[in-house]
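One structure is given below, encoded as structure tokens.
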Amino acid sequence: MKNDLHHSNQNNNEPSLDERFANRPHLRRRLLTIADLIDQAVAEGCTAHQAEARAIEQIRKLGQEVLLDWAEKSESNACQQAQAENPKLIKYGKKNG
């Protein structure tokens, strides 16, 4: 079976998941954790309900990490755009001292 995390889709030149998540290692790790969870649930003979509960927990964590990643990038982009529009702006931060 082809591992989609390591191979590009040659038919339409889509980047592999490894390529897509190269700058987001925490999200890549979460996806790998979800894949491991599926394998573990099968190996343990979990019921569908148990496997679903485990998956939901991991998907919630993934969602939180996605939103955090988005927020960090959005803040950075907004700051850069504001600075470009008005170079006299001062970055907000705690005072030292």
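Quick look at the values:
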{"read-out": "Separation in nanometres of the label points that stand 7 Å from Cα toward Cβ, at Asn13 and Val42", "value": "3.4"}
{"read-out": "Accessible surface, 1.4 Å probe, highest first, among residues Arg20, Arg30", "value": "Arg20, Arg30"}
{"read-out": "Rounded to whole Hz, the Karplus (6.51, -1.76, 1.60) HN-Hα couplings of the range 75-83, x for glycine and proline", "value": "4, 4, 5, 5, 5, 5, 5, 4, 5"}
{"read-out": "Shape of the range 28-70, Cα gyration tensor, a/c cut at 1.5", "value": "oblate"}
{"read-out": "Förster radius 25 Å - calculated FRET efficiency between Arg24 and Leu89, Cβ distance, rounded to 0.05", "value": "0.30"}
{"read-out": "Modelled FRET efficiency - R0 35 Å, Leu32 with Glu72, Cβ distances, 0.05 increments", "value": "0.95"}
{"read-out": "Highest to lowest packing among 50-59, 81-90, scored as the average C-beta count within 10 Å", "value": "50-59, 81-90"}
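The values are calculated or read from the model by the stated rules, or taken from the named source; none is laboratory data. Everything numeric here is computed off the predicted structure, so don't read it as measured data. Positions of Cβ are generated from backbone atoms using ideal geometry, with glycine treated the same way; all protein chains shown enter the neighbour counts. When the accessible area is computed, the model is the full protein with side chains, heavy atoms only, and any ligands, DNA or RNA have been set aside. Shrake-Rupley method; radii C 1.70, N 1.55, O 1.52, S 1.80 Å.
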